[in-house]
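Peer 1: Before I ask anything, let me first share the structure, which is written out below as C-alpha cells.
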Amino acid sequence: MLAADTVAMATGASALNERRAFVSSRITDKVAAYMDAHDFDEPTLVFDLDHAVGSYRTLAQSLAPAHIHYAVKANPEPQLVRRLVAAGCRFDAASRGEIALCLDAGADARHVSFGNTVKKVGDIAWARAHGIDLFAADATEELDKLAIHAPGARVYIRLLVEHSQADWPLSRKFGAPAEEILPLMRYARAHGLNPVGISFHVGSQTRRAEMWRPVLTEAAGVWHDARAEGFELEVLNIGGGFPAFYGDEVEAPMGYGTGVMDIVRAHFGDVPYIMAEPGRGLVAEAGAISAEVLLVSRKRPSDIARWVYLNIGKFSGLAETIDEAIRYQFDTTADGGETGPCILAGPSCDSADVLYEQRPIQMPTALRAGDRVRILNTGAYTTTYASVGFNGFPPLHVVCI
Ligand SMILES: *Cc1c(COP(=O)(O)O)cnc(C)c1O
C-alpha cells in the first residue's frame, strides 16, 4: 500500500530554497506522482479517492456482516462521500450539515444514522423530516427532545467506555454508565420511542483487535440484560476506532476486522443489524500533506534539539497533535543523511502551536528553510480541524485525486 518510489537523490548541500527532491516516500503512488508534479504555495492535503474506496471495501469485507457507516467527520470531502455512496457505504452523521452532505451526495436517508448524543432540537426535527430514523442518546433530556421532535423514532443508547486502550480515547464525554442503560431504554419506551439497541466507541486509534475485548465484554453484559428484560434489540453499533499507521505497529486491516468480529460473534451471538463507524481507518492512509520548512534554529549554539517551524500547525490542520497523542511521520527533501532531535512547531504566533516537544522528532541535520515536508497518513481529522484563518494562515487546502 505504501509504495516506495525512489526519485533522484538530493544534489548539492544546502543553498537556501534550492529545489531538492524526496529520496523516498511512503505514500500512495497517485499522491506521490501528484506531489512530484506540483508546487504548493500553501499546506495542501492530497487525497487519493481510490485508496479510500479500497479501504472501505477491505473494512466491509473484514467486518461482514456488519454494515459500514462511515463517520463523516473524519473527512467530509463531498467527492469522497459521493464515491462512498456509489460503493454502497452507509453513514454516521453528527449534525444537520453532515446529514445534508450525505443526502446531497445521494445517500438513502434510511442508511444515515444521527449518532451525536448532543443534538440541536432544530436538527432533530429537520433530520426526521428528511427521513432519518436512527438516533443516538445517552441522557433522559436527549430522549425528551427526540420524543417531541422525532416521535416514534428508533434510538440506540450509547454506553460510556471507561477503560479505553486507544491512543486517542474519547474520554468520559460520551455515553451513559452500564447501570444506566436499561433505565434509559425504559424511559425511551415510556416516551413513545423505539429503543432498538446500544452503541459504544472503543476510542480512536485502537491499534489491535484484542484491545476491544474488555469493552465488548462489558457491552455484551448490558445487551443480554436488556434482552432478558424483553427489549427486542436489533441494532448493535460497535462505533469506530479502526487504526491507521503512524509509526507504531498496528494490526493489518483484514486480520483486525475479522478479529473484532470474532469477539463480537462470541459475545453477542446473532444480531439482526451490526453497524461499524470507521472514520480514521477508512481515510487516514489515503492522504498526505505537502508542507514546507519556514525556519530551523537553535536557541543556543550548544542546544542538542533544533526548533523546526513548519508552514502548518495546530491551527491549520494538525489539531490531533494535542498532547502529542497522534504522532505523524514525516518525509523531507533533506532525507538520506544524518538526523538529530527536533522540536516541531507551527507558524502561528500562539505559543500553544508546538506539535512535538515532549518526544522530539528525528529530522535530517541538513534540513533548511525552504525544504519540502510530506506529512504522512493525514487523510483523517485534518482538513476540517483547521481554523478559518488564525494569524492570516489559510485553512488547509485539499486536492482530491
Ligand atoms: C468520531 C466517531 C467515529 C469515528 O471514529 P474513528 O476512531 O475515527 O474510527 C465513530 N463513531 C462516532 C460516534 C464518532 O463520534
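Coordinate-derived values only; no laboratory data. Quick caveat, the model's predicted, so the values are computed rather than measured. Cβ atoms come from the backbone with ideal geometry, glycine included; neighbour counts cover every protein chain shown.
Conditions tested, residue by residue: (1) touching a helix residue (DSSP H, G or I) at 6+ places or on another chain (Cβ under 8 Å); (2) farther than 22 Å from K173 by Cα.
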| residue | (1), (2) |
| --- | --- |
| C89 | yes, yes |
| L103 | yes, yes |
| R110 | no, yes |
| S113 | no, no |
| N116 | no, no |
| A125 | yes, yes |
| G131 | yes, yes |
| A137 | yes, no |
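Peer 1: Of the conditions (1) in a helix (DSSP H, G or I); (2) over 15 Å from V283 (Cβ atoms), V81 clears all except one; give me its number.
Peer 2: All conditions pass for V81, except number (2).
Peer 1: Another question about this same structure. Has region 373-381 got at least one residue that is surrounded by fewer than 19 Cβ atoms within 10 Å (Cβ to Cβ), within 30 Å of G240 (Cα to Cα) and β-branched (V, I, T)?
Peer 2: From region 373-381, those surrounded by fewer than 19 Cβ atoms within 10 Å (Cβ to Cβ) are none; that's our starting set.
No.
Peer 1: Give the residues of region 250-263 that are away from the ligand (no atom under 16 Å from the Cβ) and of a type in the set (A, V, I, L, M), sorted by residue number.
Peer 2: Result: A252, M254, I263.
Peer 1: Moving to a separate point now. Within region 293-311, how many residues turn out to be touching a Phe, Trp or Tyr at 6+ places or on another chain (Cβ under 8 Å) and not basic (K, R)? Spell out how you get there, then give the answer.
Peer 2: Applying the first criterion (touching a Phe, Trp or Tyr at 6+ places or on another chain (Cβ under 8 Å)) to region 293-311 yields 293-299, 311.
Right, trim to not basic (K, R) and you get 293-297, 311.
Number satisfying all stated conditions: 6.
Peer 1: Right, here's the next one. All but one of (1) assigned to a loop (DSSP other than H, G, I, E, B); (2) among the small types (G, A, S); (3) farther than 28 Å from A52 by Cβ hold for G247, so report the exception by its number.
Peer 2: (3)
Peer 1: Can you confirm whether G337 is of a type in the set (G, A, S), buried (at least 16 other Cβ atoms within 10 Å of the Cβ) and either in contact with a helix residue (DSSP H, G or I) (Cβ under 9 Å, 6 or more places away or on another chain) or not in a strand (DSSP E or B) (or both)?
Peer 2: Numbers: of a type in the set (G, A, S): yes; buried (at least 16 other Cβ atoms within 10 Å of the Cβ): no; either in contact with a helix residue (DSSP H, G or I) (Cβ under 9 Å, 6 or more places away or on another chain) or not in a strand (DSSP E or B) (or both): yes.
No; evaluated as a whole, the condition is false for this residue.
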